[in-house]
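Novice: Pasting a structure below so you can have a look.
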Amino acid sequence: MKYKANSTIPISNIKITDEFFNKYRDLVGNVIIPYQWDVLNDRLEDVETSHCIENFKIAAGLSNGKFKGAVFQDTDLAKWIEAVGFYLSSYGRDEELEKIVDETIELIAKAQQPDGYLDTYFIITAPDKKWQNLCEGHELYTAGHFMEAAVAYYEATGKDKLINVVRKLADLLCEVFGPEEGKCHGYPGHPEVEVGLVKLYRITGEKKYLNLAKHFIDIRGVGDNYFLQEEKQKDFKRIFPEFADYDPSYSQSHMPVRKQTTAEGHAVRAAYLYSAMADVAAEYDDEELLESCKTLWDDMVHRRMYITGSIGSSGWLERFTTDYDLPNDCNYSESCASIALAMFGKRMGEITGDATYFDEVERALYNTVLSGIAMDGKGFFYVNPLEMWPDSCKDHTSKLHVKSQRQKWFGVACCPPNIARTLASLGQYIYTANADSIAVNMYVSNETRYKTETSDVLINLDSNVPWEGHVTLKVDMEELNPYEILLRVPYYAKNFKVILNDKEINESVDKGYFHVKLTKKKSLINVTFDMPSVFMRANPKVRADSGKVAVMKGPLVYCLEEIDNGDNLASIYVKTDAEITEIYDNKMLGGTMKLSFEGARLEENGWDSHTLYSPQSTKLQKVKITAVPYCYWGNRKVSQEMLVWMKELLY
């Protein structure tokens, strides 16, 4: 059976040539995918055991043993396959890698039950408990990730074995769930299947998948809370002890989604749900649902998001708390949450045509998503703090979740394969194409070919972002028709200028895009803007950052590291009226722009181990401060201090 592809520009048509991002993206095929495959097969002695592939072998009857790992352990494999699909689309076919995936898909198919059910935890451990604990069981979450994996792999290879597996699973979901009498009226404890169902609908044209996604959104939080009712079952078995005294806002099920006005609960769950809401709003032209998305986005990014594009400030239950509560040394800021934020922002930018959504997408991708992976591709942050004092991050304390160095793997390993699939699919964030225009959302160097209804188009984009505000676009159209290039004007860009074929133009800026009307089949567009390093301040209501500053250059947030500035970074003050010196260092971190500026440090003379408090006056000593991009921290020396928000020297 043949399936139609998505209508957006396939990432296979976008060849990314960007020096900044390809430091990481080139690792996907060479390092990350092989490394993670070894982890999933428990081949690395010094890495935490995954047991993921073994679970599938047991479920398929090919091995004996017990299920091991988190209840959603299957999704590590699903996201790995999705990453492979995106990698093959971006970098080209690979027979050896495809053989591994094809054999793995055969294993998945053998594990699938005759009715289409697919979840190794319940198949092995609790076959009589299917669909009875939607709050904690993650069955629907797991199904969604396999749907996304199947679509990515099909689009890369044209192979439909996994598509057929997930269609059988999706058909089962349509039989079990729905508004009709006799069906289960529950919904996912962890949203994700809604995103998967929409993707599956778009590639198969099967409307019932889209309808089910809409149903899960429409029923969420309506009437008596479904998860609280689940707990009343006579034989209910809790999976996560921390879910005792369950708060429905944790899963965004405390009220109907159309009535929600603040970002609540588990940050990854929230942003996955909002992404699905945006998808459904677009497919059904649902203005009410879209307005809810706008409201939730506004609260999330303007009152509950870190300057690095991370979300989820509480280390307990990985959740949002309240507006402006953004602690820096004990926050959670899960890597997956920033990926989900980028997913949501991408959808909203495409639906509304508003470039400001991509300001925050870019913020997350350049900062938190990249900080989540080591520059060798073999270490990962689950949690992304903005302040690190390693000695204070001890087990059995409130900071036990904060790690001072990237880990080789995790018992709950959702972040590593999620980062892999995001890096491999980066091309999806660069452009939004329509019949008579193409919007450039991120200035990432690339070569792209695509078709409009009347012409083949070739774009060659060469960008110096994030180090300099200089971008060149060469556009070659087979046939010239009324056509526009929409150039996003970033919030940090000053003196934004556009030269079309050697002539400066002054077109209108609408919704954050500078409109360039093409007049020739071959066009050369030069874009320049100033992108100075600047000190940033937080809203005074952000108590953790009161009297402090951070430093940014373009989309990059910078930080101080102990290796450059000594220990006790909290004792440093910044003189913000001084010049920031930019120095590109070819030898540091594979080539990076470091920043230097004046500051002062508290003197420790007169203080010793026997003096904890004293009336003696404060003395400051002038120092030169060096800052590096936040995304690179911890790559030169592990278990060292790091700081984003610095005290401001006001007098």
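Novice: Report yes if some residue within the range 540-556 is free of Cβ contacts under 8 Å to residues at least 12 places away in the same chain and either hydrophobic (A, V, I, L, M, F, W, C) or assigned to a loop (DSSP other than H, G, I, E, B) (or both); otherwise report no. Talk me through it step by step, then tell me what you get.
Specialist: Looking only at the range 540-556, we keep the residues that are free of Cβ contacts under 8 Å to residues at least 12 places away in the same chain, and these are 540, 546.
Retained after the next criterion (residues that are either hydrophobic (A, V, I, L, M, F, W, C) or assigned to a loop (DSSP other than H, G, I, E, B) (or both)): 540, 546.
Yes, the range 540-556 contains at least one residue that is free of Cβ contacts under 8 Å to residues at least 12 places away in the same chain and either hydrophobic (A, V, I, L, M, F, W, C) or assigned to a loop (DSSP other than H, G, I, E, B) (or both).
Novice: Taking the range 307-317 as the region of interest, how many residues are crowded, with 24+ Cβ neighbours inside 10 Å and in contact with a helix residue (DSSP H, G or I) (Cβ under 7 Å, 6 or more places away or on another chain)? Working first, answer last.
Specialist: Filtering the range 307-317 for residues crowded, with 24+ Cβ neighbours inside 10 Å gives 308-313.
Filter once more, so that each one left must be in contact with a helix residue (DSSP H, G or I) (Cβ under 7 Å, 6 or more places away or on another chain): 308-312.
Final tally of qualifying residues: 5.
Novice: Are any residues in the range 526-541 of a type in the set (A, V, I, L, M, F, W, C) and either out of contact with any Asp or Glu (no Cβ under 8 Å at 6 or more places or on another chain) or over 21 Å from C330 (Cβ atoms) (or both), and if so, which ones?
Specialist: Pass one, the range 526-541, residues of a type in the set (A, V, I, L, M, F, W, C): 527, 529, 531, 534-536, 538.
Across the range 526-541, the qualifying residues are V527, F529, M531, V534, F535, M536.
Novice: Do we have F496 as within 28 Å of the chain's Cα centre (by Cα), of a type outside the set (S, T, N, Q) and outside the structural domain of C559 (by TED's automatic domain parsing) here? It would help to see each step written out before you state the result.
Specialist: Working: within 28 Å of the chain's Cα centre (by Cα): no; of a type outside the set (S, T, N, Q): yes; outside the structural domain of C559 (by TED's automatic domain parsing): yes.
For F496, the condition - within 28 Å of the chain's Cα centre (by Cα), of a type outside the set (S, T, N, Q) and outside the structural domain of C559 (by TED's automatic domain parsing) - is not met.
Novice: Restricting to the range 131-150, what's the tally of residues that are within 19 Å of the chain's Cα centre (by Cα) and either farther than 23 Å from L88 by Cβ or not aromatic (F, W, Y) (or both)? Spell out how you get there, then give the answer.
Specialist: In the first step, residues of the range 131-150 are kept if they are within 19 Å of the chain's Cα centre (by Cα); the result is 141-142, 144-149.
Those left that are additionally either farther than 23 Å from L88 by Cβ or not aromatic (F, W, Y) (or both): 141-142, 144-145, 147-149.
Of the residues in the range 131-150, 7 are within 19 Å of the chain's Cα centre (by Cα) and either farther than 23 Å from L88 by Cβ or not aromatic (F, W, Y) (or both).
Novice: Residue check: is Y324 touching a Lys or Arg at 6+ places or on another chain (Cβ under 7 Å), surrounded by fewer than 22 Cβ atoms within 10 Å (Cβ to Cβ) and in contact (Cβ under 8 Å) with a residue 40 or more places away in the chain? Break it down into steps so the answer makes sense when it comes.
Specialist: Values: touching a Lys or Arg at 6+ places or on another chain (Cβ under 7 Å): yes; surrounded by fewer than 22 Cβ atoms within 10 Å (Cβ to Cβ): yes; in contact (Cβ under 8 Å) with a residue 40 or more places away in the chain: yes.
So Y324 passes the test.
Novice: Looking at the range 32-76 only, could you name the residues that are touching a residue at least 40 places away in the same chain (Cβ under 8 Å), among the small types (G, A, S) and either in a loop (DSSP other than H, G, I, E, B) or farther than 29 Å from L134 by Cβ (or both)?
Specialist: Filtering the range 32-76 for residues touching a residue at least 40 places away in the same chain (Cβ under 8 Å) gives 32-33, 35-37, 39-40, 44, 46-48, 50, 53, 55-62, 66-67, 69-76.
Subsequent filtering for residues that are among the small types (G, A, S) retains 50, 59-61, 69-70.
Within the range 32-76, S50, A60, G61, G69, A70 meet the criteria.
Novice: Another question, then. Does E334 satisfy the criteria of being without any contact (Cβ under 8 Å) to a residue 60 or more places away in the chain and within 18 Å of the chain's Cα centre (by Cα)?
Specialist: Values: without any contact (Cβ under 8 Å) to a residue 60 or more places away in the chain: no; within 18 Å of the chain's Cα centre (by Cα): yes.
When the stated conditions are applied, E334 does not pass them.
Novice: Working carefully through the options D376, D325, D354, D299, find the one that is in a loop (DSSP other than H, G, I, E, B), outside the structural domain of V465 (by TED's automatic domain parsing), closer than 24 Å to A276 by Cα and at pLDDT 95 or above. So that I can check it myself, show each step before the final result.
Specialist: Numbers: D376 fails: closer than 24 Å to A276 by Cα; D325 fails: closer than 24 Å to A276 by Cα; D299 fails: in a loop (DSSP other than H, G, I, E, B).
Just a single option satisfies the conditions, and that option is D354.
Novice: With the structure loaded, tell me whether G309 is closer than 21 Å to K541 by Cα and touching a Phe, Trp or Tyr at 6+ places or on another chain (Cβ under 6 Å) or whether it fails that test. Walk me through how you get there before you give the answer.
Specialist: Working: closer than 21 Å to K541 by Cα: yes; touching a Phe, Trp or Tyr at 6+ places or on another chain (Cβ under 6 Å): no.
It is false that G309 is closer than 21 Å to K541 by Cα and touching a Phe, Trp or Tyr at 6+ places or on another chain (Cβ under 6 Å).
Novice: Return the residues of the range 531-574 that are crowded, with 17+ Cβ neighbours inside 10 Å, farther than 29 Å from V471 by Cβ and either modelled with pLDDT under 95 or hydroxyl-bearing (S, T, Y) (or both); say none if nothing qualifies.
Specialist: Scanning the range 531-574 gives a single hit, Y573.
Novice: Moving on to the next point. Quick one: would you say D224 is closer than 17 Å to T322 by Cβ and free of Cβ contacts under 8 Å to residues at least 24 places away in the same chain? Give the derivation first.
Specialist: Values: closer than 17 Å to T322 by Cβ: no; free of Cβ contacts under 8 Å to residues at least 24 places away in the same chain: yes.
Judged against the criteria, D224 is not a match.
Novice: For the range 498-515, give me the residue count where each residue is under 13 Å from T472 (Cβ atoms) and assigned to a strand (DSSP E or B). Working first, answer last.
Specialist: First pass over the range 498-515, keeping only residues under 13 Å from T472 (Cβ atoms): 498-502.
Checking the rest, the ones that are also assigned to a strand (DSSP E or B) come to 498-500.
Number of matching residues: 3.
Novice: Return a yes/no flag: does the range 335-353 have any residue that is within 19 Å of L560 (Cβ to Cβ), buried (at least 21 other Cβ atoms within 10 Å of the Cβ) and among the polar types (S, T, N, Q). Reasoning before the result, please.
Specialist: Taking the range 335-353 as the starting set, the residues that turn out to be within 19 Å of L560 (Cβ to Cβ) are none.
Checked the range 335-353: no residue is within 19 Å of L560 (Cβ to Cβ), buried (at least 21 other Cβ atoms within 10 Å of the Cβ) and among the polar types (S, T, N, Q).
Novice: Oh, and also: Which condition breaks for E19 when tested against (1) in contact with a His (Cβ under 9 Å, 6 or more places away or on another chain); (2) loosely packed, with under 14 Cβ neighbours inside 10 Å; (3) among the acidic types (D, E)?
Specialist: The one condition E19 does not meet is (1).
Novice: Which condition does D567 not pass, out of (1) outside any strand (DSSP E or B); (2) out of contact with any Asp or Glu (no Cβ under 7 Å at 6 or more places or on another chain), if it passes all the others?
Specialist: Of everything listed in (1) outside any strand (DSSP E or B); (2) out of contact with any Asp or Glu (no Cβ under 7 Å at 6 or more places or on another chain), D567 misses just condition (2).
Novice: Do we find that H138 is at pLDDT 95 or above, closer than 22 Å to E230 by Cα and crowded, with 23+ Cβ neighbours inside 10 Å in this structure?
Specialist: In short, yes.
Novice: Just one of E45, E82, E54, E19 is acidic (D, E) and at pLDDT below 95; which is it?
Specialist: On the way: E82 fails: at pLDDT below 95; E54 fails: at pLDDT below 95; E19 fails: at pLDDT below 95.
E45 is the lone residue from the list that is acidic (D, E) and at pLDDT below 95.
Novice: Residues of the range 267-299 being touching a Gly at 6+ places or on another chain (Cβ under 6 Å) and either free of Cβ contacts under 8 Å to residues at least 12 places away in the same chain or of a type in the set (V, I, T) (or both), which ones? First the steps, then the outcome.
Specialist: Let us first name the residues in the range 267-299 that are touching a Gly at 6+ places or on another chain (Cβ under 6 Å), namely 267.
Across the range 267-299, there are no qualifying residues.
Novice: Considering only residues that are surrounded by 20 or more Cβ atoms within 10 Å (Cβ to Cβ) and hydrophobic (A, V, I, L, M, F, W, C), which ones fall in the range 223-277?
Specialist: Scanning the range 223-277 gives F227, V257, A263, A267, V268, A270, A271, L273, A276, M277.
Novice: Name, by its number, the condition in (1) part of a loop (DSSP other than H, G, I, E, B); (2) within 30 Å of I32 (Cα to Cα); (3) free of Cβ contacts under 8 Å to residues at least 40 places away in the same chain that does not hold for T519.
Specialist: (2)
Novice: If you check L480 against the conditions, is it surrounded by fewer than 16 Cβ atoms within 10 Å (Cβ to Cβ), in a strand (DSSP E or B) and more than 30 Å from the chain's Cα centre (by Cα)? Walk me through it before giving the result.
Specialist: On the way: surrounded by fewer than 16 Cβ atoms within 10 Å (Cβ to Cβ): yes; in a strand (DSSP E or B): no; more than 30 Å from the chain's Cα centre (by Cα): yes.
Against the criterion (surrounded by fewer than 16 Cβ atoms within 10 Å (Cβ to Cβ), in a strand (DSSP E or B) and more than 30 Å from the chain's Cα centre (by Cα)), L480 does not qualify.
Novice: A further question follows. Can you tell me which residue is nearest to R238 (Cα to Cα) among those in the range 117-128 that are buried (at least 17 other Cβ atoms within 10 Å of the Cβ) and of a type outside the set (F, W, Y)?
Specialist: Kept after step one, since they are buried (at least 17 other Cβ atoms within 10 Å of the Cβ), are these residues of the range 117-128: 117-124, 126.
Then keep just the ones that are of a type outside the set (F, W, Y); that gives 118-120, 123-124, 126.
Values: L118: 21, D119: 18, T120: 18, I123: 17, I124: 17, A126: 12 Å.
Among them, the one singled out is A126.
Novice: Assess whether W80 counts as being part of a helix (DSSP H, G or I), closer than 30 Å to M442 by Cα, in contact with a Phe, Trp or Tyr (Cβ under 8 Å, 6 or more places away or on another chain) and among the aromatic types (F, W, Y). Let's see the steps before the verdict.
Specialist: On the way: part of a helix (DSSP H, G or I): yes; closer than 30 Å to M442 by Cα: yes; in contact with a Phe, Trp or Tyr (Cβ under 8 Å, 6 or more places away or on another chain): yes; among the aromatic types (F, W, Y): yes.
So W80 fits the description; yes.
Novice: Right, another one. Scan the range 66-83 and give yes if some residue there is surrounded by 21 or more Cβ atoms within 10 Å (Cβ to Cβ) and of a type in the set (K, R), otherwise no.
Specialist: yes
Novice: Still on this model: Tell me, which strands (runs of 3 or more DSSP E) lie completely within the range 379-464 with 1 or more residues that are without any contact (Cβ under 8 Å) to a residue 40 or more places away in the chain? Show your work before the answer.
Specialist: On the way: elements: 431-433, 437-440, 446-451, 456-463.
Fully inside the range 379-464 and qualifying: 446-451, 456-463.
The values are calculated or read from the model by the stated rules, or taken from the named source; none is laboratory data. Since we're looking at a predicted model, the values are computed, not measured. FYI the Cβ positions are ideal-geometry reconstructions off the backbone, even for glycines, and counts take in every protein chain you see.
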